[in-house]
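The values are calculated or read from the model by the stated rules, or taken from the named source; none is laboratory data. Since this is a predicted model, take the numbers as computed values, not measurements. Don't worry about glycine lacking a Cβ; one is built from the backbone with ideal geometry, like all the others, and counts go over all protein chains shown. What goes into the accessible areas is simple: the full protein's heavy atoms, side chains included, and nothing from ligands, DNA or RNA. Shrake-Rupley method; radii C 1.70, N 1.55, O 1.52, S 1.80 Å.
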Amino acid sequence: MRNYGNELAHWIRAFEPFVEHAFKPALPRLQAVLERGQDASPEKFEWDLKEPIATIVADSYDKRGGKSHKVRLYWQFESIFRRGAETRRKNIWTVAKMVTQIQVRDATTDDRLLHFHVDMKNLGQLGPHIHLQLSEEYMADKVGSPIAVPRFPFATVLPTDCLDFVLSEFFPTKWPKSQSEAHGLKILQTAQRKRLTNMAEAIAGLWEKPSKQTPVSITQDYHMPDFEIA
């Protein structure tokens, strides 16, 4: 957790140029809440972004050099961390909840064009342990039914990795250029690579167990309670 706090400081600096000016003060507060929660909470603490943060306008995301419909992205998340119950793991924080919400809104009218979330499911829920799905509330509003499937297997769960994914999609030229000039890039690369490797190895481990299902079918409904995300 301490290592992620150090990583978070670099993420915040990297995100700052892509956040609308009015929302920038919320970024450093994220690190303060994470650090304060670890120090002040003996058993559990919540780390969340109660009000979404808006990005600058994105208008070049369909193809390189082309102009796209002007949109803003809204990033919000909530998570709960619990300290390990066993004495030997008393300093280890586990993730009890982690969900990141992403909205795509019209930059002119502020109409919601798309709303999805990346979620780490509970034991009783269906779907991949880490998955992306369209918001049920959004589906109910747009199509008249709160359809919750498909749940797409996803490789990133931390809110900073999720925003990295979104910025890569909607700022495919500006975000990579900004990353190449970012302070602490090596730290971000190393930590994120480890998470992606852990995820790939955890899923591959499911396929190696005796089963009468195909790997695709297995991937669509699994639970990994011991998976380390940070």
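Residues in the range 103-136 that are in a strand (DSSP E or B) and of a type in the set (S, T, N, Q): Gln103, Gln133. One residue is enough: does the range 150-164 have a residue meeting the conditions assigned to a helix (DSSP H, G or I) and either of a type in the set (D, E, K, R) or open to solvent by 40 Å² or more (accessible area, probe 1.4 Å) (or both)? The answer is yes, given that some residue of the range 150-164 is assigned to a helix (DSSP H, G or I) and either of a type in the set (D, E, K, R) or open to solvent by 40 Å² or more (accessible area, probe 1.4 Å) (or both).
Each residue in the range 177-221 was checked for being open to solvent by 60 Å² or more (accessible area, probe 1.4 Å), farther than 25 Å from Lys121 by Cα and at pLDDT 85 or above, and 5 pass.
Residue-by-condition table, conditions (1) among the charged types (D, E, K, R); (2) surrounded by 17 or more Cβ atoms within 10 Å (Cβ to Cβ); (3) modelled with pLDDT of 85 or more:
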site	(1), (2), (3)
Thr55	no, yes, yes
Tyr74	no, yes, yes
Trp93	no, yes, no
Leu114	no, no, yes
Val118	no, yes, yes
Lys121	yes, yes, no
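Taken over the range 123-138, the criterion of being surrounded by fewer than 17 Cβ atoms within 10 Å (Cβ to Cβ) and either free of Cβ contacts under 8 Å to residues at least 24 places away in the same chain or β-branched (Val, Ile, Thr) (or both) is satisfied by Gly124, Gln125, Glu136, Glu137.
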